[in-house]
Amino acid sequence: MQYDTVLFDLDGTLIDTVEDLGDTMNKALEQFGFAQITYEQCRVMLGIGLRHFCESALPEGKKGMVDEVMEVFRKIYNDNFCEKTKPYDGIPELLSWLKERGFKLAVITNKNEDISSVIVEKIFGNDVFGAVRGAKDGIGCKPQPGPALGVLEKLGSEPAKTLFVGDGETDVETAKNCGCRGVWVQWGFRELEELGEHKPEDIISRPEELKEIIERNKRID
């Protein structure tokens, strides 16, 4: 199959957000008088949504305060979401390679859509991705296929000619729900064994390996 479209997850796939998320969580925890977390602890907690992140960061016996912590976290993060966030090594070069070859690119994330759009434009510019779809009222989220299929329709792309690249089980599941080929990245927040039954078609350890998948499948055609 010759692919012409790539959908990317955001956090843990295109960009490393651990330090900004960890700093924000520690500011929120500090307001409640709770112990802070390290960046390494933060990394392990990420990848399954904000509620899971907050629950994991809270000390035992205080898990019931997750809603209060989430509210404070959101307020702080809205003003500090792109202080230390940066693209993973090799990602800018990969995106340039894809754009030079006419690939249609988009971001599909469960992160707030407004914040995601600002981050993407600040880090990558406004001419790389044809769409940034994130969490928004009235729109489903991964692993539901709706957001990705809506973006593919906007791009004029077909699921069968699309690669879905992400670091979590929700990304692998979304790819299957949409009929796209799933590519799981090893540099993100989740470990392979955490994917459980959600096995991707491909696993890559470096961004440039996505080029090999594309070229290999082009030769097969």
- Query: Quick one: how many Å² of residue 53 are accessible to a 1.4 Å probe, rounded to 10?
  - Reply: 0 Å²
- Could you work out how far helix 66-77 tilts from the main Cα principal axis of the chain, as a 0 to 90 degree angle to the nearest 10? 70 degrees
- Can you put 43, 74 in order of accessible area, largest first, using a 1.4 Å probe? 74, 43
- Message: Which one, 28, 81, 179, is farthest towards the positive end of the dipole of the chain when Lys and Arg carry +1 and Asp and Glu -1 on their Cβ?
- Response: 179
- Item | Accessible area (Å², 1.4 Å probe, nearest 10) - residue 95 | 10 Å²
- Quick tally, 1.4 Å probe accessible area for 1, 25, 65, sorted with the most first, runs 1, 65, 25
- Any lysines with Cα under 25 Å of the residue 84 Cα? List them, leaving off those in the same chain fewer than 8 positions away. 27, 75, 111, 122, 136
- Does the chain classify as rounded, prolate or oblate by the C-alpha gyration tensor (a ≥ b ≥ c root eigenvalues; a/c under 1.5 gives rounded; else a/b over b/c gives prolate, otherwise oblate)? prolate
- Accessible-area order (highest first, 1.4 angstrom probe) of the listed residues 167, 114: 114, 167
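The values are calculated or read from the model by the stated rules, or taken from the named source; none is laboratory data. Quick caveat, the model's predicted, so the values are computed rather than measured. Here Cβ is always computed from backbone atoms with ideal geometry, including for glycine, and neighbour counts include all displayed protein chains. Accessible surface is based on the protein model in full, side chains and every heavy atom, while ligands, DNA and RNA are left aside. Shrake-Rupley method; radii C 1.70, N 1.55, O 1.52, S 1.80 Å.
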